[in-house]
Amino acid sequence: MYEIAIIGAGPTGASAALFAAKSGKKTIMFDSNQSVTKRAWVENHYGVMEISGPDLVEIGKKQAEKFGAALVEATVKNIVKSDNGFVISTVDNQYEAQQVIIATGLFAELAETMGLEIKSGTEPRIKTIIAVDPAGKSSIPGIWAAGTIAGVSMHTIITAGDGAKVAINIISELNGERYVDHDVMK
């Protein structure tokens, strides 16, 4: 069983997976290959002069994998509560996780299938988002949401930060104390 599963591998999901895996949590990230960032040219991401969306997405996934996150290239069809957490179903397999972050960008079908509380989006062209509290918790305990699907701006720097924020909140809850990740120069 995974401690944290992230549904989505764009800037939000990969950032969440990076923080979760680097903290030592057994982490899995699902990539449906639908990130709208793959169509972007990015010149407004702090610390990066310019980068193609596809390169940004690939680097993010590799960063998460570097720290041990498992990557599954599949579309998640449903998530249901189990005795120990959740069962995550793709077309071909099932996976178990204690906590789940939904980071599906502008795609709300999974949230609707699961019966999560949803509401109207505020971003242009974003019709539906998951209702979350400031920490990222959804209407189902143990299911969190981050990034555009949770109502934040579509800009990669903002969605990546929101993914990190929600992952840190989960890690802190699992650890029973506030988690901080600060590396120092060697």
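The values are calculated or read from the model by the stated rules, or taken from the named source; none is laboratory data. Because the structure is predicted, anything quoted here is derived from the model rather than measured. So basically every Cβ, Gly included, is an ideal-geometry build from the backbone, and we count neighbours across all protein chains shown.
Selection of segment 137-149 for residues being among the β-branched types (Val, Ile, Thr) and buried (at least 22 other Cβ atoms within 10 Å of the Cβ) yields 143, 148, 149.
Taking residue 57 as the residue in question, decide whether it is of a type in the set (A, V, I, L, M), outside any strand (DSSP E or B) and buried (at least 16 other Cβ atoms within 10 Å of the Cβ). Spell out how you get there, then give the answer.
Working: of a type in the set (A, V, I, L, M): yes; outside any strand (DSSP E or B): yes; buried (at least 16 other Cβ atoms within 10 Å of the Cβ): yes.
Taking the combined requirement at face value, the residue satisfies it.
Going by what's in this entry, would residue 118 be described as over 23 Å from residue 60 (Cβ atoms) and either aliphatic (A, V, I, L, M) or within 16 Å of the chain's Cα centre (by Cα) (or both)? When the stated conditions are applied, residue 118 passes them.
Okay, residues lined up against (1) under 17 Å from residue 35 (Cβ atoms); (2) modelled with pLDDT of 95 or more; (3) not acidic (Asp, Glu):
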site	(1), (2), (3)
86	no, yes, yes
122	no, no, yes
146	yes, yes, yes
150	yes, yes, yes
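Examine segment 171-178 for a residue that is more than 23 Å from residue 75 (Cα to Cα), modelled with pLDDT of 95 or more, in contact with a helix residue (DSSP H, G or I) (Cβ under 9 Å, 6 or more places away or on another chain) and not in a helix (DSSP H, G or I), and state whether such a residue exists. Yes, segment 171-178 contains at least one residue that is more than 23 Å from residue 75 (Cα to Cα), modelled with pLDDT of 95 or more, in contact with a helix residue (DSSP H, G or I) (Cβ under 9 Å, 6 or more places away or on another chain) and not in a helix (DSSP H, G or I). When residue 34 is tested against (1) part of a loop (DSSP other than H, G, I, E, B); (2) in contact with a helix residue (DSSP H, G or I) (Cβ under 9 Å, 6 or more places away or on another chain), only condition (2) is not met.
Condition test on residue 152, is it under 24 Å from residue 19 (Cα atoms) and exposed (fewer than 12 other Cβ atoms within 10 Å of the Cβ)? No; evaluated as a whole, the condition is false for this residue.
Can you name the residue in segment 100-114 that is modelled with pLDDT of 95 or more and part of a loop (DSSP other than H, G, I, E, B) and, of all such residues, is surrounded by the most Cβ atoms within 10 Å (Cβ to Cβ)? Restricting to residues being modelled with pLDDT of 95 or more and part of a loop (DSSP other than H, G, I, E, B), the top hit is 103. Considering segment 120-136, and only residues there that are of a type outside the set (A, V, I, L, M), surrounded by 11 or more Cβ atoms within 10 Å (Cβ to Cβ) and in contact (Cβ under 8 Å) with a residue 24 or more places away in the chain, the residue that is nearest to residue 162 (Cα to Cα) turns out to be 136.
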